[in-house]
There are 2 protein chains.
Amino acid sequence: MLSKCKAAVRAPQRAVQCVRQTPIAISSIPHRASLAPYHLGHRHTSSLPPRSPELTTLTPKHIAQLRTLLPHPSSVISTLDDSAAPDDLIPFNRDWMGKYEGRSGVVVRPISTEEVSKVIKWCAENGVGVVPQGGNTGLVGGSTPIHDELILSLSSLTRIRSFDPLSGILIAESGLILEQIDTFLSKQSPSFIFPLDLGAKGSCQIGGNVATNAGGLRLLRYGSLRGSVLGLEVVLPDGKIWDGLSGLRKDNTGYDLKQLFIGSEGSIGIITAISILCPRRPTTHNVALFSLPSYEACLSVFAETKTHLGEILSAFEMFDRTSYEAVKKHGGARRVFEEGNEGEFYCLVETGGSNAEHDSEKLTRLFESLISSSSILDGVLAQDTTQSASLWQIRELCPESLSKAGKAYKYDLSVPVEKMYSLVEKMRERLRDVGMLRDDGSGKVKSVAGFGHMGDGNLHLNVVATEFSDEVQSAIEPFVYELVAQNNGSISAEHGLGSMKAPYISYSQSSTSIELMRRIKKMFDPKGIMNPYKFIT
Amino acid sequence: MLSKCKAAVRAPQRAVQCVRQTPIAISSIPHRASLAPYHLGHRHTSSLPPRSPELTTLTPKHIAQLRTLLPHPSSVISTLDDSAAPDDLIPFNRDWMGKYEGRSGVVVRPISTEEVSKVIKWCAENGVGVVPQGGNTGLVGGSTPIHDELILSLSSLTRIRSFDPLSGILIAESGLILEQIDTFLSKQSPSFIFPLDLGAKGSCQIGGNVATNAGGLRLLRYGSLRGSVLGLEVVLPDGKIWDGLSGLRKDNTGYDLKQLFIGSEGSIGIITAISILCPRRPTTHNVALFSLPSYEACLSVFAETKTHLGEILSAFEMFDRTSYEAVKKHGGARRVFEEGNEGEFYCLVETGGSNAEHDSEKLTRLFESLISSSSILDGVLAQDTTQSASLWQIRELCPESLSKAGKAYKYDLSVPVEKMYSLVEKMRERLRDVGMLRDDGSGKVKSVAGFGHMGDGNLHLNVVATEFSDEVQSAIEPFVYELVAQNNGSISAEHGLGSMKAPYISYSQSSTSIELMRRIKKMFDPKGIMNPYKFIT
């Protein structure tokens, strides 16, 4: 941690000022679940895929059978045998945004991999559709039912099976909440860090993170889960348990099966435990936030940052003025920069290294260079971990704050970094053209915001509307996907397909790819019981 | 580059001495192909899988058909129409070690992806077995035929299709030799580095590297190809071209199909081009070599190195005295340390950073710590790039030098790092017990050596024998695989399965895994024409 702000980094007019020693007061991030009260969302019934006649409709007799498989009394709750009221199932049937909602009558919560296996075997034998559910913090409707599928919640699989303090290899069950693991490591083995971090860390579960190949805030430094995850335990669609919990960094004996399950969104199996390599925690940290006049300035600061910080750069995040205003209004963030120095864009830079003095010198050189090139309007450097956390929270609060600002349509797009922000600009233009975005604020769309992981070319585009409606949606889609396809991008960089993007996969994947994916799905799940109507259909 | 050896790192008795300014003279690494003269190896006919009656025996008529598909005169060479003498096909039929040899009568060398597609479509229609071949530098008999399969050489696919100097994304065809790409980058865009490096870089082809998921010398810093490779172009077993040449760092739209092909060893398709993310080349480099008394000392130096060098550590390699003696005798390396300071083990440490002064300080602290803890016998630090290359060559020459020392049985094993060297010791014990390894050198086994990528827990175990024979082999196998299985390791960390390890996969994979792999193979290649008798059988 830098002990003081270097005089050398100040410039006469555009000072890289210190963050006040009183930490910036931002209310701590509420869990997603508590952010979104369970009001009934708009159910896009018109665009829902029809219920498959192949899948069994559950009856009280089925529930009785499930109870024999899972003897613990709270492992099965159902409206079919009156062990639950319809309201009890709403937190499972509806997503946190209130955008997706199914009508399942039963939630099962197995307490072991063997119980998951028993349930899935039973579902396969009885032709029952299953939705695996972790923290239900997804953004594409992947973890809630479409119709009346059985919901299998992983939330009772919460054991840390082992942690090796020599190698950093952690074996843990799927239902553990990401923050619990972070806390476990901080306490038990503070020299290691979990390679994944997300705004939803207080609610999301690690099994769901792996099943959706979550990206998040540490990807630039530690790479994707495809590299960190060493092995998996998976219950296959016939109920068989695949024990692939390897603890090896290198293993070239056959196809890397775990890669099929990472990011498979419950379509070919249910991840019940993961083996993951935790990297060494950097011993020194710095967080800086810059205010910038334009996206071009962001690009130039990004290039300069990579040059000066090299191997200690651990995150480079961007958010625009619209996002920042939402965080100030709905997230409780105080102003960081003086009004005259607030720009159209903000970049958060984090470093992680092993020598505080070296890191400080590298940062100082970066600041000097940024000031001399006039790329930034202003900049602040956190003085302690509390201030670092406060700066991070501004970025982390972007998605939630925009959801509080209205009904937020969320798109998670990947295009070459130099074209990233043009998607926001083109979306604004489009919505102005159709009269939904108006200068006087009277339109059905209140604002269009962009933020994201600039280091990975990953933009989160948010369209904040007054309502979730087919009209607004059809003004955005498929326009947004066409834009992405024109730029050879991905319509889902990290959020997955779920039910939201399943119909649009052809904007990012060729017909040959889709055909191969369908064959893989069919091979693993010939009865089509796993998370039906979503992902690959 | 450190400009001079710091006085501070010297200790009274065990000095970390400078490498002489005259670089250590080690002959440059010859290409593998030129190292191994094509003498006839021992053909383990007794253990060969029988020829499949399902696969077609080629006739001159077939060769004529192939010539209509590939009009370029040198694209088809065959003993069946006398366009080639049997000797012409030996470099394709036999591996570089002279250990594996098939009897194919035809080699095709398509010059484009479309031509590969035509050949494979024809093979599928005619039930012809195909062996895809890159640089033929593998160690497990994966790229040579077992019987009379058609050999499809990728060596004429050598175009660099594009390189983006902003993002570092390279799209290149499979037949390019690794060193050619390194040279291309050094000349065209020296701020980027190819994320893979291997001793065989002068001969191996990048398509083969990806098809075998090669690990190599840069894995510790840049991770595996599973992270660096962004996309692939693959000709599928029915001849269809799958264009998955994505240029995106993040894309969660469906199963990550490319992962199935990475490391698939030609069993489900032929990689014709790759899209790969080249990381930024560090601007500062250092290479040090330490002499150590024991493997325990290696472990302790490894731990200290990680602590002191943190984010700048880019490689940590180990080799034992037996390997080093072979390099001195057969690789032309001069002595680095004084005789009294030569130890039982050697560790090579490389750093890559962005600030020479910072790196130098970190190294100095490491040296001071190593000297005060008496972990090392001696150490040298390269003073310039020539000396760095010389130190690296000692490590890189280990495999070739041991092959020159006799008939080297090579095993590529992955176990937890603390148990890594015990495999070498147990193998010596075993071979002494059966009377093959004798103190007077009269046994059928001359020596047992170990070297490898300590940073990845990956040991290369070499048993140097007087001959390749069933007797020696059965003294080693399956003993060595049992040892690995007892330690929950992998019988192939980076070399793959090929024909050598295909029969032993169950030492590293469960029956459920093998069953899933067989189903995947069957799904992609129902006729079993792709690289038959190997990998997953």
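The values are calculated or read from the model by the stated rules, or taken from the named source; none is laboratory data. Everything quoted here is computed from the prediction, not taken from an experiment. Here Cβ is always computed from backbone atoms with ideal geometry, including for glycine, and neighbour counts include all displayed protein chains. Accessible surface is based on the protein model in full, side chains and every heavy atom, while ligands, DNA and RNA are left aside. Shrake-Rupley method; radii C 1.70, N 1.55, O 1.52, S 1.80 Å.
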Given 13 as the ceiling on other Cβ atoms within 10 Å, longest exposed-site-free region of chain B for GluC sites (Glu not before Pro) in DSSP loops: B:55-337
Spatially proximal aspartates and glutamates relative to A:Lys240 (Cα-Cα < 20 Å; intrachain offsets below 8 disregarded): A:Glu114, A:Glu115, A:Glu125, A:Glu173, A:Asp256, A:Glu265, A:Asp525, B:Glu515
Distance from region A:109-187 to region A:234-286 (C-alpha centre basis), Å: 13 Å
Inter-copy label distances at A:Asp433 (7 Å, Cα→Cβ; nm, one decimal): 7.7
Set A:Lys121/A:Lys187; A:Lys258/A:Lys407; A:Lys522/B:Lys201; A:Lys527/B:Lys527 screened for pairs whose C-alpha atoms are more than 31 Å apart: A:Lys121/A:Lys187; A:Lys258/A:Lys407; A:Lys522/B:Lys201
Binned Cα-Cα distance frequencies in chain B - 10 Å width, integer %: 4, 18, 28, 26, 17, 6, 1, 0
Candidate lysines for bridging to A:Lys404, where Cα separation is under 16 Å - those fewer than 8 sequence places away on the same chain excluded: A:Lys99, A:Lys328, A:Lys329, A:Lys444, A:Lys446
Value at 222 nm in deg cm²/dmol, rounded to 500, when DSSP H runs of n ≥ 4 in chain B each add -39,500 (n - 2.57): -9000 deg cm²/dmol
Eligible aspartates and glutamates near B:Lys426 by straight Cα distance, threshold 20 Å, same-chain separation 8 or greater: B:Glu296, B:Asp320, B:Glu344, B:Asp412, B:Glu418, B:Asp439, B:Asp440, B:Glu471, B:Glu477, B:Glu482
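Counting only other chains, and only Cβ atoms inside 10 Å, what mean value do you get across the residues of A:309-318?
Details: counts 2, 11, 16, 7, 2, 1, 0, 0, 0, 0.
Counting Cβ atoms of other protein chains within 10 Å of each residue's Cβ and averaging gives 4.
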Area accessible to solvent at A:Lys306, 1.4 Å probe radius, in Å²: 60 Å²
Area of A:Val480 that stays accessible when all protein chains are in place (1.4 Å probe, Å², to 10): 0 Å²
Hull volume in cubic angstrom per residue (convex hull over the Cα atoms of region B:34-153): 106 Å³
Solvent-accessible area, 1.4 Å probe, carbon plus sulfur percent, for region B:406-495: 43 percent
Among A:Ser474, A:Gly450, A:Gly489 the positive-end extreme of the charge dipole of region A:445-500 (Cβ point charges): A:Gly450
Across the identical copies, how the B:Thr68 labels are spaced - nm, sorted shortest first, 7 Å along Cα→Cβ: 6.6
Shielding by partners, peptide B:347-355 (average Cβ within 10 angstrom, other chains): 3
Point-charge dipole on Cβ atoms (K/R +1, D/E -1) for the protein assembly as shown, about Cα centre, debye to 20: 20 debye
A:Ser506, B:Ser246, reordered so the largest accessible area comes first (probe 1.4 Å): A:Ser506, B:Ser246
Label geometry 7 Å along the beta-carbon vector: B:Ser510 inter-copy distances in nm: 3.5
Long-range amide H partners of B:Leu176 with built H, under 5 Å: B:Ile206, B:Gly207
Relative contact order of chain A, pairs being alpha-carbon contacts under 8 Å that are 6 or more residues apart, as %: 18 percent
J(HN,Hα) series, region B:186-193, from Karplus relation 6.51 cos²θ - 1.76 cosθ + 1.60, nearest Hz, glycine and proline x: 4, 7, 7, 8, x, 7, 10, 10
Net charge, A:Asp412 excluded, C-beta distance under 12 Å - Lys, Arg +1, Asp, Glu -1: 0
Folded to 0 to 90 degrees: helix A:422-433 orientation relative to chain A principal axis, Cα: 80 degrees
Check: region A:160-277 dipole with +1 on Lys, Arg Cβ and -1 on Asp, Glu Cβ, in debye: 300 debye
Three principal axis lengths of the protein assembly as shown [C-alpha, angstrom, descending]: 89, 71, 60
Whole-number accessible area per residue in Å² for region B:406-495, which is evaluated in the context of all protein chains at 1.4 Å: 33 Å²
Between region A:291-357 and region A:418-481, the Cα center-to-center distance that results, in Å: 22 Å
